[in-house]
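Structure first, commentary second.
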Amino acid sequence: MIIDGKKGQVTVFIIIAVVIVVGIVAYFAVRGGIGGSSVPREMQPVYDYYLSCLQEQAREGTSLLGEQGGYIEVPDFVPGSNYRPYSSQLDFFGQPVAYWMYVSGNNLLKEQVPSKNDMEGQLEEYVADRVSYCDFSDFYEQGYDVYVDTDDVKVNVEIEDNKVDVSVDNDLVIVYGEDSVIVQGHEVDVDSKLGKFYDLAIEVYNYEKKEMFLELYALDVMRLYAPVTGVELSCAPKVFVEEEIREELVNGLAANVGALKLDGDYYSLSEGENDYFVTDAGIGVDENVNFVYSIDWPTRVEIYGDLVAEPVGLQDGLSVLGFCYVPYHFVYDIDFPVLIQFYDEQEIFQFPVSVVIDKSQAREALPSVAGEYIEAEVCKYPNKEVLVETYDTSLNPVSARIQFKCLDSLCEIGETDSSGSLYVDMPRCINGFIVANAEGYQETKYQISTNEETSASVIMNKLYSVGLDLGSVDSAMVSFVSDDYSTSAYYPEMDSVELVEGYYNVTVYAYSGSSLIIPETHERKCVEVPEDGIEGLFGAVKERCFNIDLPSTEVEMAVVGGGKTREYITEGQLEGARELNVNVPLFGVPGSLDELQDNYIKVEDSIVYLSFE
């Protein structure tokens, strides 16, 4: 009986406890939550901490938006390709920053510009996810009980010019002794120029998209730091080294991009000529702006033109010129990123864009479109499935970059995989060409009519690097010309050459130092031209004369030997060769213009001999 009595007492206590809990819950449910302004004084420190915690989370999210181009969660990473080194993100000291405009791996010009509503939504989600990060352990030690509803959290964010307003709607229950309170609505704000910086960024981005001011500066750098079109007085070939041109270009870009400014009052110019670097985007910038480019960032420079420019003059039939000159012409593709930063002492907003120079021309101005081809019109309509397979001469698969040429248009198609295969859509074209490129292989063209054919097997010739030895020759131009492959080397600066199997016309011009001076000439030429007016229509002519004045020219390097031959070079010779020996006939240093011209004639009649070691 005693045992039964104890059981009854325990049951009563349990019932009483349940009633108390239910009563507390009912009390809070009936009473409802209160605003932060009605929190009792003894509980205010707990609530103040909660507000500061929310504010800190909002501040962190605001900073991430500024640092990552308007994104807290950067869009999914999209890799570039060997041909287009860009990805969808710029690595800025280990932090991914989303490009607002970039060139994708398949040669599309793409945009990923966040709206202000997008940024507000991201910040709302960021704060809501981090309500549970608030740590009340210090208050627990002081006798408080704190309950935070982390399941039903509603956040509203408004980004203004100079602040960010954040409203959080969730239950915060504070219990201290016999007192308790529920607080439901929480208001905080963050001092931030995020809104102002974003608006300035949009203005500058739209200006760049329409006016391409970054491309125009890049074209100036190209003309200043790289050979474009010119003529030099010389009787020796002029050799351009691709790596040196590229290095000069990227260093020139790094030096000049950093000097760019937007018209405004955030700087002062020390010299009048620095006005060149100021661009008026029509917005009157009153915040600090930086334009940043690093030589370590993905940069594409492709050079089109002969890296070895041959001299003109003194050859048979051209002696009337009386001097030698070397003409050259280069065209460039240049793609590089520029990071645009708006900042003050406390925060930053930055976004990168791709600057695109295509065949020495700025890209076309673009509207706000998600994806825009920067290739020719025909490339926009790939509608015929084609299987492309790439192999070497032993039928081993080769991973290659694939382009398609139709008339004057060259389209980027993609890359064959490790098995040498690519199944892809191509534009329909009669007698087009698949163009395959791979490191260590000759560029190969395969003719195909994609309106009918559905597959192409492209056999690529491997390039073999072979050393050159011309014996006692001081310097020489050595050229190898075949029907579908040509290369040349200026010896000894270039002491090796890359060759593939095939028939070659080999030509060597040997040079040595000379003190020969071609004297200045003054000549008057007269020609007959049609008469002006009606008389000219009936065949009447008149004489017009003009003077030709040519300055004296010093021939620093003169032709002293050379010759030609035609030989078939096999892959077996190239594969096992360490060096190619070239036996070159020498004629001696010319002492006059006539002797110099004779040496050019002897080159045409002499034979050079090749041997592999």
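With respect to the conditions (1) among the aliphatic types (A, V, I, L, M); (2) over 17 Å from the mean Cα position of the chain (by Cα); (3) buried (at least 17 other Cβ atoms within 10 Å of the Cβ), LEU249 lacks only one, and its number is (2). Residues in region 392-406 that are of a type outside the set (Gly, Ala, Ser) and either assigned to a strand (DSSP E or B) or out of contact with any Phe, Trp or Tyr (no Cβ under 7 Å at 6 or more places or on another chain) (or both): ASP392, THR393, LEU395, ASN396, PRO397, ARG401, ILE402, GLN403, PHE404, LYS405, CYS406.
Does GLY420 satisfy the criteria of being crowded, with 19+ Cβ neighbours inside 10 Å and at positive phi? Steps first, please.
Details: crowded, with 19+ Cβ neighbours inside 10 Å: yes; at positive phi: yes.
Judged against the criteria, GLY420 is a match.
Taken together, the residues in region 426-447 that are over 27 Å from GLU498 (Cβ atoms) and in contact (Cβ under 8 Å) with a residue 40 or more places away in the chain amount to 4. All of GLU613, GLU567, GLU543 fail the test of being within 30 Å of GLU501 (Cα to Cα), touching an Asp or Glu at 6+ places or on another chain (Cβ under 8 Å) and modelled with pLDDT under 95, apart from GLU613.
Counting the residues of region 486-498 that are surrounded by 15 or more Cβ atoms within 10 Å (Cβ to Cβ) and in contact with a strand residue (DSSP E or B) (Cβ under 6 Å, 6 or more places away or on another chain) gives 7.
Filter region 394-443 for residues that are hydroxyl-bearing (Ser, Thr, Tyr) and either farther than 30 Å from GLY572 by Cβ or in contact with a helix residue (DSSP H, G or I) (Cβ under 7 Å, 6 or more places away or on another chain) (or both); which is modelled with the lowest pLDDT? Show your work before the answer.
Our first condition is that a residue be hydroxyl-bearing (Ser, Thr, Tyr); within region 394-443, this holds for 394, 399, 409, 416, 418-419, 421, 423, 441.
When the remaining residues are screened for being either farther than 30 Å from GLY572 by Cβ or in contact with a helix residue (DSSP H, G or I) (Cβ under 7 Å, 6 or more places away or on another chain) (or both), the result is 409, 423.
Details: SER409: 79, TYR423: 93.
Filtering region 394-443 for residues that are hydroxyl-bearing (Ser, Thr, Tyr) and either farther than 30 Å from GLY572 by Cβ or in contact with a helix residue (DSSP H, G or I) (Cβ under 7 Å, 6 or more places away or on another chain) (or both), the one modelled with the lowest pLDDT comes out as SER409.
LYS7 meets each of the listed conditions (1) modelled with pLDDT of 90 or more; (2) assigned to a helix (DSSP H, G or I); (3) surrounded by fewer than 14 Cβ atoms within 10 Å (Cβ to Cβ); (4) charged (D, E, K, R) apart from (1).
Among the residues that make up region 283-301, is at least one of them in contact (Cβ under 8 Å) with a residue 40 or more places away in the chain and either small (Gly, Ala, Ser) or assigned to a helix (DSSP H, G or I) (or both)? Show your work before the answer.
Going through region 283-301, the residues in contact (Cβ under 8 Å) with a residue 40 or more places away in the chain turn out to be 283, 285, 287-295, 297-301.
Narrowing the set further to residues that are either small (Gly, Ala, Ser) or assigned to a helix (DSSP H, G or I) (or both) leaves 294.
Yes, that holds for at least one residue.
Restricting the first member to region 601-613 and to residues that are polar (S, T, N, Q), and the second to residues that are surrounded by 12 or more Cβ atoms within 10 Å (Cβ to Cβ), the beta-carbon pairs closer than 7 Å and six or more apart or on different chains are SER606/GLY562; SER606/GLY563; SER606/PRO585; SER611/ASN581. Of all residues assigned to region 191-205, at least one qualifies as being part of a helix (DSSP H, G or I) and within 19 Å of the chain's Cα centre (by Cα). Kindly indicate whether LYS384 is out of contact with any Ser or Thr (no Cβ under 6 Å at 6 or more places or on another chain) and surrounded by 14 or more Cβ atoms within 10 Å (Cβ to Cβ). So LYS384 does not fit the description; no.
Could you check region 315-332 and list, in sequence order, the residues that are under 22 Å from PHE240 (Cβ atoms), crowded, with 18+ Cβ neighbours inside 10 Å and at pLDDT below 85?
PHE323, CYS324, VAL326
Scanning region 210-233 for residues that are crowded, with 20+ Cβ neighbours inside 10 Å and touching a Ser or Thr at 6+ places or on another chain (Cβ under 8 Å) yields a single hit, MET222.
Listed here are the residues, each with its yes/no results for (1) over 30 Å from PRO298 (Cβ atoms); (2) in contact with a Ser or Thr (Cβ under 6 Å, 6 or more places away or on another chain); (3) not in a strand (DSSP E or B).
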| site | (1), (2), (3) |
| --- | --- |
| ASP118 | no, no, yes |
| VAL127 | yes, no, yes |
| SER132 | yes, yes, yes |
| ASP138 | yes, no, yes |
| ASP145 | yes, no, no |
| ASP151 | yes, no, yes |
| VAL166 | yes, no, no |
| ASN170 | yes, no, no |
| VAL173 | yes, no, no |
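Scanning region 99-132 for residues that are within 16 Å of the chain's Cα centre (by Cα) and of a type in the set (A, V, I, L, M, F, W, C), we see that the one that is surrounded by the fewest Cβ atoms within 10 Å (Cβ to Cβ) is LEU108.
Just one of the listed residues (GLY80, GLY69, GLY94) is out of contact with any strand residue (DSSP E or B) (no Cβ under 6 Å at 6 or more places or on another chain) and either assigned by TED's automatic domain parsing to the domain that holds TYR207 or modelled with pLDDT of 85 or more (or both), and it is GLY94.
The values are calculated or read from the model by the stated rules, or taken from the named source; none is laboratory data. All of these numbers come straight from a predicted model, not from anything done at the bench. Every residue, glycine among them, receives a Cβ derived from its backbone with ideal geometry; neighbour counts consider all protein chains shown.
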